[in-house]
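Beneath this line is the structure, given in C-alpha cells, with notes to follow.
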Amino acid sequence: MPDRRFYSPAGPLTLRALAAVSGAEIGAGDPAAVFTDVSPLDTAVSTDISFLDNRKYRESFAASEAGACLVAPGLASLAPAGMALLVTAEPYRGYAKVARAYYPDREPEPVQTGASLIHESVTIGDGTQVDPGAVIGPRAEIGRRCRIGANAVIGTGVAVGDDTAIGPQAVLAYCIIGRRVIVHPGVCIGQDGFGFALGSDGHEKIPQLGRVLVGDDVEIGANSTIDRGSGPDTVIGAGSKIDNLVQIGHNVQVGRNCVIVAQSGISGSSEIGDFVIIGGQAGITGHLTIGAGAKIAGQSGVMRDVSPGATMGGSPAQSGRDWMRGVALLQSLVKKRKGA
C-alpha cells in the first residue's frame with residue numbers, strides 16, 4: 001500500500017468501475033464489491049487490487065490475500081478462493097490504468113515565497129544548517145545536526161535522519177533517509193521508475209507509488225540516481241556505499257554493506273544480498289537475485305541469478321575462473337596467429 005505520507009488514494013472504486021477503467025472482463029467476483037487501493041501481491045489485503053503479469057510470481061498470486069487481481073486468462077485458474085478477478089490479455093497495462101484512477105496526477109501546491117523557501121510545516125532539528133537556495137517542501141522532516149547544501153530540493157513529506165549531509169543541488173522526493181547518510185551533489189532520489197506497459201497503441205506509463213528507503217550510514221556518490229518503487233519500495237541497506245553515476249532502478253533491494261562502483265546499473269526488481277561488491281560499469285538485468293558476498297567484476301553483464309559468494313566476470317557474466325580461462329585462451333590464440 002502506498003505510504004500516506006506521500007500519496008492519497010482517490011477511491012474507493014467498485015469492481016465494475018475498475019473493469020471499465022482497465023478494459024478487463026470480470027472473471028469472478030461481485031461487480032458491486034468495493035476496493036480502496038492498489039498493492040503488490042505479497043502485501044495486499046482484502047480491500048486491495050493487485051496484478052499478475054509474470055509467471056515467475058504465480059506462487060505469490062496463489063497465496064495472495066488481495067481482494068481482486070488483474071490477471072491473464074492463462075493464469076486465472078491459479079487464483080485463491082474468493083479473489084475477484086479482472087481478466088485481460090494485458091494485466092500490466094490494465095494495472096497502469098487502475099493505479100492512475102486511484103492516484104491521478106497531484107495538483108500543484110502553492111509555493112511559499114519570500115526570503116525563505118522552507119515551508120512553514122517543515123520540522124528541522126537542532127543544529128541543522130540549511131544553505132542558501134535550498135527548498136524544503138511541505139511536511140518534510142529534517143533531523144538534528146544535518147547539513148542541507150545550496151540549491152538542494154527536499155520534496156513533500158521527505159524525512160531525513162540525524163547527522164545526514166545532503167549535497168548541493170541534490171533532489172530528494174518520496175524517500176525516507178536514515179542517520180549519518182552522505183548524499184553527494186547532484187544525486188536524485190525518488191524520481192519515477194522506468195515503468196511502461198508497452199503496446200502497439202502506445203506505451204502506458206505505470207504510476208510509481210512506492211518510496212526509496214535509505215538505511216543508516218549509507219553514502220551515495222555524485223549524480224547517482226535511485227528510482228522510487230512502483231508499489232514495493234526501493235531499498236538501500238544500511239552501510240552500503242554507492243559511487244558516482246550509478247543508476248538503481250525501481251523496486252531494487254540492496255542489502256547491507258554493499259559496494260557499487262561508478263557507472264554501474266541495476267535494473268528494476270533485482271535483489272542484491274548483503275556485502276555484495278559490484279565493479280565499475282557492470283550491468284545487472286531485472287528480477288535477478290545476487291547472493292550475499294558475491295563479487296561482480298567491472299564491465300560485467302549479469303543476466304542470471306548469482307549464487308552467494310560467487311565471483312562473476314565477463315559479458316554475459318560467468319564464473320570468475322571460466323572468464324579468466326577464456327581471456328587467457330583468447331590471448332593465446334592471438335599470439336599464435338601473430339606468430340603464424
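Tell me yes or no: at least one residue of segment 113-134 is acidic (D, E), touching a Gly at 6+ places or on another chain (Cβ under 8 Å) and farther than 28 Å from G237 by Cβ.
Residues of segment 113-134 acidic (D, E): 120, 126, 131.
So of that shortlist, the ones also touching a Gly at 6+ places or on another chain (Cβ under 8 Å) come out as 131.
Add one more test, that the residue is farther than 28 Å from G237 by Cβ, and what stays is 131.
Within segment 113-134, one or more residues are acidic (D, E), touching a Gly at 6+ places or on another chain (Cβ under 8 Å) and farther than 28 Å from G237 by Cβ.
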Considering each residue of segment 8-32, count those that are part of a loop (DSSP other than H, G, I, E, B) and surrounded by 17 or more Cβ atoms within 10 Å (Cβ to Cβ), and give that number. 4
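Output yes when any residue across segment 279-299 is assigned by TED's automatic domain parsing to the domain that holds S240 and loosely packed, with under 12 Cβ neighbours inside 10 Å, and no when none is. Break it down stepwise before answering.
Quick first cut of segment 279-299, residues assigned by TED's automatic domain parsing to the domain that holds S240 only: 279-299.
Imposing the further condition that a residue be loosely packed, with under 12 Cβ neighbours inside 10 Å reduces the set to none.
The answer is no; no qualifying residue exists.
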Cβ-Cβ under 8 Å, sequence separation 6+ or interchain: first residue in segment 64-77 and in the same structural domain as A96 (by TED's automatic domain parsing) and part of a loop (DSSP other than H, G, I, E, B), partner surrounded by 16 or more Cβ atoms within 10 Å (Cβ to Cβ) and of a type in the set (S, T, Y). Which pairs? S64/S50; A66/S39; A66/S50; G67/T47; A72/T88
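Does segment 298-313 contain any residue that is of a type outside the set (D, E), touching a residue at least 24 places away in the same chain (Cβ under 8 Å) and in a strand (DSSP E or B)?
Of all residues in segment 298-313, those of a type outside the set (D, E) come to 298-304, 306-313.
Add one more test, that the residue is touching a residue at least 24 places away in the same chain (Cβ under 8 Å), and what stays is 298, 308.
Applying the additional criterion that residues be in a strand (DSSP E or B) yields none.
No, segment 298-313 has no match at all.
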I'd like to check something: does segment 207-227 contain any residue that is in contact with a helix residue (DSSP H, G or I) (Cβ under 8 Å, 6 or more places away or on another chain), modelled with pLDDT under 95 and part of a strand (DSSP E or B)? no
Which of the residues that make up segment 216-267 are surrounded by fewer than 22 Cβ atoms within 10 Å (Cβ to Cβ), in contact (Cβ under 8 Å) with a residue 60 or more places away in the chain and over 18 Å from G293 (Cβ atoms)? P232, N244
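Which one of these is more than 16 Å from the chain's Cα centre (by Cα), among the small types (G, A, S) and at pLDDT 95 or above: G320, G309? Working first, answer last.
Values: G320 fails: at pLDDT 95 or above.
Sole residue among the options that is more than 16 Å from the chain's Cα centre (by Cα), among the small types (G, A, S) and at pLDDT 95 or above: G309.
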Report yes if some residue within segment 155-166 is assigned to a strand (DSSP E or B) and polar (S, T, N, Q); otherwise report no. no
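Mind listing whichever residues of segment 273-310 are polar (S, T, N, Q) and under 18 Å from T234 (Cα atoms)? Talk me through it step by step, then tell me what you get.
Just the residues of segment 273-310 that are polar (S, T, N, Q), to begin with: 281, 285, 289, 299-300, 307.
Listed by number, the residues that qualify are T285, T289.
Within segment 186-198, track down each residue that is in a loop (DSSP other than H, G, I, E, B), touching a residue at least 12 places away in the same chain (Cβ under 8 Å) and either on the phi < 0 side of the Ramachandran plot or touching a strand residue (DSSP E or B) at 6+ places or on another chain (Cβ under 8 Å) (or both).
Start the filter on segment 186-198 by keeping residues that are in a loop (DSSP other than H, G, I, E, B), which leaves 186-187, 190-195, 198.
Narrowing further to those that are touching a residue at least 12 places away in the same chain (Cβ under 8 Å): 186-187, 190-195.
Scanning segment 186-198 gives V187, G190, Q191, D192, G193, F194, G195.
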What pairs come out if I take residues in segment 127-142 that are in the same structural domain as R180 (by TED's automatic domain parsing) and pair them with residues that are outside any strand (DSSP E or B) whose C-beta lies under 7 Å away, six or more apart or interchain? none
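Quick check on my filter: what residues within segment 40-63 are over 18 Å from R93 (Cβ atoms) and either outside any helix (DSSP H, G or I) or not assigned by TED's automatic domain parsing to the domain that holds V87 (or both)? Can you show your working first?
So the first thing to find is which residues in segment 40-63 are over 18 Å from R93 (Cβ atoms), and the list is 42-48, 56, 58-60, 62-63.
Once the filter is applied, which keeps residues that are over 18 Å from R93 (Cβ atoms) and either outside any helix (DSSP H, G or I) or not assigned by TED's automatic domain parsing to the domain that holds V87 (or both), segment 40-63 yields D42, T43, A44, V45, S46, T47, D48.
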Does G143 satisfy being within 21 Å of S224 (Cβ to Cβ) and either surrounded by 20 or more Cβ atoms within 10 Å (Cβ to Cβ) or at pLDDT 95 or above (or both)? no
Which condition from (1) surrounded by fewer than 21 Cβ atoms within 10 Å (Cβ to Cβ); (2) out of contact with any Pro (no Cβ under 7 Å at 6 or more places or on another chain); (3) part of a helix (DSSP H, G or I) is the one that R100 breaks? (2)
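The values are calculated or read from the model by the stated rules, or taken from the named source; none is laboratory data. As the structure is a prediction and not an experimental result, all values here were calculated from the model. Every residue, glycine as well, gets a Cβ built from its backbone with ideal geometry; the counts of neighbours run over all protein chains shown.
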